[in-house]
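K.L.:
This is the structure I want to talk about, given as structure tokens.
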Amino acid sequence: MKQHPGFTFYEFFAGGGMARAGLGDAWRCVFANDFDARKADAYKQNWGDEHLTVNDVRQVGLAELPGEADLAWASFPCQDLSLAGNGAGLQSERSGSFWPFWELMRGLKHEKRSPKMILLENVYGALTSRGGNDFADLCAAMVDIGYRVGAVVIDAAHFVPQSRTRLFVIAARADLSLPDALLESDRDSMWRPEAIQKAARRFSDKVAKNWIWWKLPAPPPRTQDFIDIIEDEPVGVSWNSDIDTRKLLDMMSDIHLEKVKAAQATGARMVGGVYRRTRNGEQRAEVRFDNVSGCLRTPTGGSSRQLLLLVEGESIRSRLLSPREAARLMGLPDDYRLPHNYNAAYHLAGDGVVVPVVSFIADNLVTPLLLHNRGARLRVA
């Protein structure tokens, strides 16, 4: 068990509390917020409601944020920053909710109680939305309220059997001392793709002077494959009929049917993730057998729900991914309480942050930085 260092955090856009789960017992939540009542119910079921405010972030007041937190976590809405979104970016109603969050952080600065660190999580498309202007604006906003800022891109497939690439913007209050062990001199890192480096070249001089190349170690070996999280007797979903499975196979192109045949030829028990997509005006089923699932999405339509194909020699079965399997793909433990409604449970998982990724960033960057500064005489921000 981790030693409790007494760190505190705010959890904005909290969903079911997956950032809280990733931070673990070493951290104490003093404020949590989400506007979605169904997600808030799941949060209450797992964490209680002592510090939970169910309200739009635009309605949250500074007085609701106690003390001076060590960290403010914000997984703000991604729909308008996603590559599949409408392109409205940070000027939109949903992803634009970053700005009310930022106003709260600016208000805390005015009251001289800025969080020591701010961590923002969003989709990879946040790097390139509106030609990269959204990312530049976001970083400039952090610098304007007294932070130095950097970013990493992490694919959750390093930690769980799900392909899920996300951007993490990590900001440290300007008066914090930055230990050399947490800084990277070589920009060529597995956590910093060319998209980040390209974005950094477009910064204003002020942002560039306050930009940090954060250092993270190589990830530990992943201990699970997709097949390992599959329920033999799933709860909340049923296996499809042979007829429906045949219809699914008939929707596959020759390339994807060859993948199924190759899986059969192994004679092993194999699972593939299936999404239905529209290609050239025709709905197609596409499967992958690479030991990881596709990225979970929020179930706004039938095509957004991931199916699985279980292949054992000549036997081929299909069904929707179960809520518990979706939770496992997010790194949640089996004792995490899920909503009883399928869509609510799947939405909770698909809209969350992967728990082991949060732990990885906290253990290797956030906590060491805060411990390094513990006891130092910091300027009040």
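Quick note: the coordinates plus some simple rules give every number you see, no bench work behind them. This is a predicted model, so every value here is computed, not measured. In this analysis, Cβ positions are derived from the backbone assuming ideal geometry, glycine residues included, and neighbour counts consider all displayed protein chains.
K.L.:
May I ask you to list the lysines whose Cα is less than 29 Å away from that of Lys109, ignoring any residue fewer than eight positions away on the same chain?
P.N.:
Once the sequence-local lysines are set aside, what remains near Lys109 is Lys206, Lys209, Lys215.
K.L.:
For Met190 and Arg337 in one chain, what is 0.36 nm times their gap in residues minus the Cα-Cα distance, to one decimal in nm?
P.N.:
49.5 nm is the gain from fully extending Met190 to Arg337.
K.L.:
Can you give me the long-range amide H partners of Ser75? Hydrogens built in the peptide plane at 1.01 Å from N, cutoff under 5 Å, separation of 5 or more residues or another chain.
P.N.:
Close amide H contacts, sequence-distant or interchain: Phe12, Glu121.
K.L.:
While we're on this one: I need the calculated FRET efficiency for the pair Ser238 and Ala218, taking r as the beta carbon distance and R₀ as 45 Å, to the nearest 0.05.
P.N.:
According to the calculation, E is roughly 0.65.
K.L.:
Rounded to whole Å, give me the distance from the Cα center of the range 27-81 to that of the range 190-266.
P.N.:
So the two Cα centres are separated by 28 Å.
K.L.:
Give the cross-link partners of Lys259 among the lysines, using a straight C-alpha distance below 30 Å as the criterion and excluding same-chain residues fewer than 8 apart.
P.N.:
Answer for Lys259, where 30 Å is the Cα cut-off: Lys247, listed by chain and number.
K.L.:
Assign one of three labels to the range 129-200, namely rounded, prolate or oblate, based on the Cα gyration tensor with a ≥ b ≥ c the square roots of its eigenvalues; rounded applies when a/c is under 1.5, prolate when it is not and a/b is larger than b/c, and oblate otherwise.
P.N.:
Here the range 129-200 falls in the oblate category.
K.L.:
Normalised by the residues of the chain, what does the relative contact order come to in percent, with Cα pairs under 8 Å and at least six apart?
P.N.:
This gives 16 percent for the chain.
K.L.:
Of all DSSP beta bridges located in the chain, what percent are antiparallel, nearest 5?
P.N.:
Bridges in the chain that DSSP calls antiparallel: roughly 65 percent.
K.L.:
Given Cβ point charges of +1 (Lys, Arg) and -1 (Asp, Glu) and nothing else, what value in debye, to the nearest 20, does the dipole of the range 226-348 about its Cα centre take?
P.N.:
Computed charge dipole of the range 226-348: roughly 460 debye.
K.L.:
At a threshold of 8 angstrom on Cα-Cα distance, excluding pairs fewer than six apart, so keeping six or more, what relative contact order does the range 226-348 reach in percent?
P.N.:
The value is 29 percent.
K.L.:
Among all helices in the chain defined by DSSP H, which have a length of 27 Å or more along the axis from Cα atoms plus a Kyte-Doolittle mean of at least 0.5?
P.N.:
none
K.L.:
At 222 nm, what value in deg cm²/dmol follows for the chain if DSSP H runs of at least 4 each add -39500 (n - 2.57) and the sum is divided by all its residues, to the nearest 500?
P.N.:
-8000 deg cm²/dmol
K.L.:
Still on this structure, please answer the following. Length gain on complete extension for the stretch Asp25 to Asn280, per 0.36 nm per residue less the alpha carbon to alpha carbon distance?
P.N.:
In short, 86.8 nm is gained.
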